[in-house]
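For reference, the structure discussed in these notes is given below.
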Amino acid sequence: MEDKQHCPICKSETQYNPRYPNYICSSCAETPLSEDGRSLQFHNVSLSGGFEARYIDTGEVRDSHICFVAGKKCWADEARFGGIVIQPVGD
Ligand SMILES: [Zn+2]
């Protein structure tokens, strides 16, 4: 059964998700960085969704979906059914 997929960063097994076939596992997604190496946090704006990125050090809102995980450029966005999903871009 092809109901498995793997984190593109650490290769650990992630829950099968046909909509997000290349999403980053929760432990890698814990430490996203900006291009200048600042820690970021992503969350939904409200219960109905929305996406917001913030710098952890200042709490400042960041107007971008781009982040870096283990040196890979990634795109963070709200997941269709709530929460946040991060996937590599380019490659
Ligand atoms: Zn991972």
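Is it true that Q87 is polar (S, T, N, Q), in contact (Cβ under 8 Å) with a residue 60 or more places away in the chain and surrounded by 11 or more Cβ atoms within 10 Å (Cβ to Cβ)?
Details: polar (S, T, N, Q): yes; in contact (Cβ under 8 Å) with a residue 60 or more places away in the chain: yes; surrounded by 11 or more Cβ atoms within 10 Å (Cβ to Cβ): yes.
Yes: the conditions hold for Q87.
Among the residues of the range 3-21, are any surrounded by 12 or more Cβ atoms within 10 Å (Cβ to Cβ), within 11 Å of the ligand (Cβ to nearest atom) and under 16 Å from G90 (Cβ atoms)? The answer is yes; a qualifying residue exists. If you go through the range 55-73 one residue at a time, do you hit one that is over 10 Å from the mean Cα position of the chain (by Cα), more than 16 Å from the ligand (Cβ to nearest atom) and on the phi > 0 side of the Ramachandran plot? Yes, the range 55-73 contains at least one residue that is over 10 Å from the mean Cα position of the chain (by Cα), more than 16 Å from the ligand (Cβ to nearest atom) and on the phi > 0 side of the Ramachandran plot. Is one or more of the residues making up the range 23-30 more than 11 Å from the ligand (Cβ to nearest atom) and either within 15 Å of I86 (Cα to Cα) or touching a His at 6+ places or on another chain (Cβ under 7 Å) (or both)? There is no residue in the range 23-30 that is more than 11 Å from the ligand (Cβ to nearest atom) and either within 15 Å of I86 (Cα to Cα) or touching a His at 6+ places or on another chain (Cβ under 7 Å) (or both). For Y23, the conditions (1) on the phi < 0 side of the Ramachandran plot; (2) more than 11 Å from the chain's Cα centre (by Cα); (3) not in a strand (DSSP E or B) all hold with the exception of (2).
A short reminder: the numbers here are calculations on the coordinates, not readings from a lab. Owing to the predicted nature of the structure, the values given are computational and were not obtained by experimental measurement. Note that we place each Cβ from the backbone using ideal geometry, even for glycine, and neighbour counts take in every protein chain shown.
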